[in-house]
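The values are calculated or read from the model by the stated rules, or taken from the named source; none is laboratory data. Here the structure is a predicted model, which is why all the values come from computation and not from measurement. Please note: Cβ atoms are built from the backbone with ideal geometry, for glycine as well, and neighbour counts cover all protein chains shown. Side chains are part of the model used for accessible areas, which takes the heavy atoms of the whole protein and leaves out ligands, DNA and RNA. Shrake-Rupley method; radii C 1.70, N 1.55, O 1.52, S 1.80 Å.
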Amino acid sequence: MKLFCLAVLITACFFSCKSPDAKSPSRIEKRDEILKNIIPPKISENRKVLTDFGAKGDSLTNNKPAFDRVLKACKEQNGCRLIVPPGIYLINGPIHLVDNTCLELKKGAKLVFSTNSKDYLPLVPTSWEGTLIYNYSPLIYAYQVKNVAIIGEGIIDGNGKNGFSKWYDLQKPAQQLTRKMNHDGMPVKERLFGEGHYLRPQLIQFFECKNILIEGVTIANSPFWSVHFLKSENITARKVKFDAFNKNNDGFDPEYSKNILIEDIDFNNADDNVAIKAGRDHEGRKTAMSSENIIIRNCRFKGLHGVVIGSEMSAGVQNVFVENCGYGGYCKRGIYLKSNADRGGFIKNIYVNDVEFGDVEDGVFITSFYHGEGKGFETDIRDIFIENLKFKSASHAGLVIQGYPTKKVSNVNFTNVRIDSCVNGISFTNAEHIMFNNVVIGREMEVPTAVK
């Protein structure tokens with residue numbers, strides 16, 4: 001322990017401090033200004049009940065035609081509140097939401113989607129791991145709509161384990177092809193996937209949407225990412241529960257999106273709980289639409305990682321607030337900022353306050369070397385403020401920063417950070433302007449003993 005404490009002391013002394021501008025707005029002022037711009041959509045008083053359109057919650061009937069009929073009526077009447085009564089509703093194909101529509105799943109209602117990939121054709125505009133393409137429709141899909149909500153106490157089951165999840169081992173050729181199309185700047189309308197390419201669709205995707213609410217529902221068994229906000233804004237997600245254990249079952253993935261409140265969520269995911277993205281490589285830099293003004297508060301983390309930024313973040317991520325969160329179980333990493341020299345872009349103005357984790361592998365991990373890939377487009381990572389962050393234990397590393405030799409990670413502030421038990425306390429490379437204030441890794445030292 002003596003050698004470990006000495007290492008921490010030397011590391012802290014090698015980094016200089018960068019004082020904040022006294023005239024700049026406080027964290028709370030910045031956060032509250034963002035909250036003013038996040039307003040849930042007004043829910044229509046025009047009520048429609050799914051079973052009135054021929055649906056049966058018997059777990060056998062295909063309810064895709066009933067959803068199509070009621071949503072057509074909703075569109076003709078400029079929106080509705082679509083109520084799904086208790087029951088198990090099989091749906092052989094996607095639900096495409098329309099303007100001014102609220103999908104309300106009553107307690108005891110469960111949507112179960114089919115496992116036949118042909119049900120999700122024709123192709124629709126979407127995105128896959130940061131590259132815009134045409135692919136199978138997400139299971140619940142909203143494209144260029146406004147004022148849309150998914151609420152209630154029911155369950156949305158993507159049936160991924162028995163269907164699309166089996167494609168994970170077959171996706172590599174198509175995955176690489178999307179990246180080549182991205183780097184070559186191929187027109188999006190020519191990026192056609194679908195049959196024979198094995199790229200799994202998202203469970204829920206909002207693409208170029210405004211005024212979104214998702215509240216109360218349980219999201220389970222996703223084929224790929226669970227909830228993807230793509231080029232969307234004014235988003236409220238609250239009191240959602242996740243039960244998603246397939247490959248790449250992230251919870252929320254905001255991408256090229258802004259003005260987002262994620263609160264009071266019970267995560268339980270095989271992958272990232274929240275993964276903030278902003279496009280990949282050439283296309284992301286060209287799009288230049290940063291993900292920004294994102295507030296994550298009062299959540300319980302459980303899964304692979306708690307809050308992640310990257311690795312697809314080439315348009316930049318800024319103004320992220322993680323506040324008053326705890327944990328519902330194990331996470332491999334607590335706070336994870338990841339990029340590499342293919343990405344470019346920036347990660348800046350990240351605030352983590354009053355957050356607690358239990359046992360993790362790594363506490364805070366900031367890296368410019370994700371997968372050890374890339375060259376020529378280093379990411380600017382700076383202005384990270386972490387205060388009142390606690391971990392019970394970190395089995396691998398406590399605080400890690402891996403900047404790039406030509407683009408160092410800069411201005412990271414650790415205040416009141418405590419890791420009760422840790423194998424490797426601090427590992428910083430290519431980092432500058434790092435500030436420590438009341439950081440304890442391992443057992444806190446008490447008053448020195450007297451000579452006897």
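Assess whether ASP264 counts as being surrounded by fewer than 24 Cβ atoms within 10 Å (Cβ to Cβ) and under 11 Å from the mean Cα position of the chain (by Cα). So ASP264 does not fit the description; no. For LEU105, the conditions (1) crowded, with 23+ Cβ neighbours inside 10 Å; (2) more than 16 Å from GLN202 (Cβ to Cβ); (3) touching a Pro at 6+ places or on another chain (Cβ under 8 Å) are fulfilled apart from (3). Output yes when any residue across region 291-305 is touching an Asp or Glu at 6+ places or on another chain (Cβ under 8 Å), open to solvent by 10 Å² or more (accessible area, probe 1.4 Å), on the phi < 0 side of the Ramachandran plot and not in a strand (DSSP E or B), and no when none is. No.
Quick check on region 328-340. Is at least one of its residues in contact with a Lys or Arg (Cβ under 8 Å, 6 or more places away or on another chain) and under 28 Å from HIS282 (Cβ atoms)? Checked region 328-340: no residue is in contact with a Lys or Arg (Cβ under 8 Å, 6 or more places away or on another chain) and under 28 Å from HIS282 (Cβ atoms).
Being open to solvent by 50 Å² or more (accessible area, probe 1.4 Å), touching a residue at least 24 places away in the same chain (Cβ under 8 Å), out of contact with any Lys or Arg (no Cβ under 7 Å at 6 or more places or on another chain) and under 17 Å from GLY316 (Cβ atoms): is that true of LYS392 here? Against the criterion (open to solvent by 50 Å² or more (accessible area, probe 1.4 Å), touching a residue at least 24 places away in the same chain (Cβ under 8 Å), out of contact with any Lys or Arg (no Cβ under 7 Å at 6 or more places or on another chain) and under 17 Å from GLY316 (Cβ atoms)), LYS392 does not qualify. Residues in region 300-332 that are of a type in the set (Phe, Trp, Tyr) and more than 15 Å from the chain's Cα centre (by Cα): TYR327, TYR330. For first residues located in region 305-321 and within 16 Å of LEU261 (Cα to Cα), partners that are open to solvent by 10 Å² or more (accessible area, probe 1.4 Å) and of a type in the set (Gly, Ala, Ser) and lie 6+ apart or on another chain with Cβ distances below 8 Å form the pairs VAL317/SER290; VAL317/GLY345; GLN318/SER290. Checking each residue in region 36-71 for being assigned to a loop (DSSP other than H, G, I, E, B), open to solvent by 60 Å² or more (accessible area, probe 1.4 Å) and not acidic (Asp, Glu) picks out LYS36, ASN37, ILE39, LYS42, LYS56.
The listed residues are TYR351, TYR256, TYR330, and the only one of them that is in contact (Cβ under 8 Å) with a residue 40 or more places away in the chain, closer than 30 Å to VAL112 by Cα and hydroxyl-bearing (Ser, Thr, Tyr) turns out to be TYR256. Among the candidates PHE357, PHE428, PHE377, PHE414, the residue that is in a loop (DSSP other than H, G, I, E, B) and either under 23 Å from the mean Cα position of the chain (by Cα) or not small (Gly, Ala, Ser) (or both) is uniquely PHE377.
Give the residues of region 231-255 that are touching a Lys or Arg at 6+ places or on another chain (Cβ under 9 Å), within 23 Å of GLN144 (Cα to Cα) and not in a strand (DSSP E or B), sorted by residue number. SER232 - this is the single residue of region 231-255 that is touching a Lys or Arg at 6+ places or on another chain (Cβ under 9 Å), within 23 Å of GLN144 (Cα to Cα) and not in a strand (DSSP E or B). Test GLY344 against the criterion of being among the small types (Gly, Ala, Ser) and outside any strand (DSSP E or B), and give yes or no. Yes; evaluated as a whole, the condition is true for this residue.
Comparison of ASP243, ASP281 shows that the only residue that is among the acidic types (Asp, Glu), more than 14 Å from the chain's Cα centre (by Cα) and closer than 25 Å to VAL400 by Cα is ASP281. For region 238-249, residues that are closer than 24 Å to LYS107 by Cα and surrounded by fewer than 24 Cβ atoms within 10 Å (Cβ to Cβ) total 5.
Would you mind finding the one in PRO85, PRO20, PRO65, PRO25 that is modelled with pLDDT under 95 and touching a helix residue (DSSP H, G or I) at 6+ places or on another chain (Cβ under 9 Å)?
PRO25
Does THR11 fit the bill of being open to solvent by less than 100 Å² (accessible area, probe 1.4 Å) and modelled with pLDDT of 95 or more?
No.
For region 129-143, the set of residues classified as outside any loop (DSSP other than H, G, I, E, B) and either closer than 22 Å to ALA220 by Cβ or touching a strand residue (DSSP E or B) at 6+ places or on another chain (Cβ under 6 Å) (or both) consists of TYR134, ASN135, ILE140, TYR141, ALA142, TYR143, listed by residue number.
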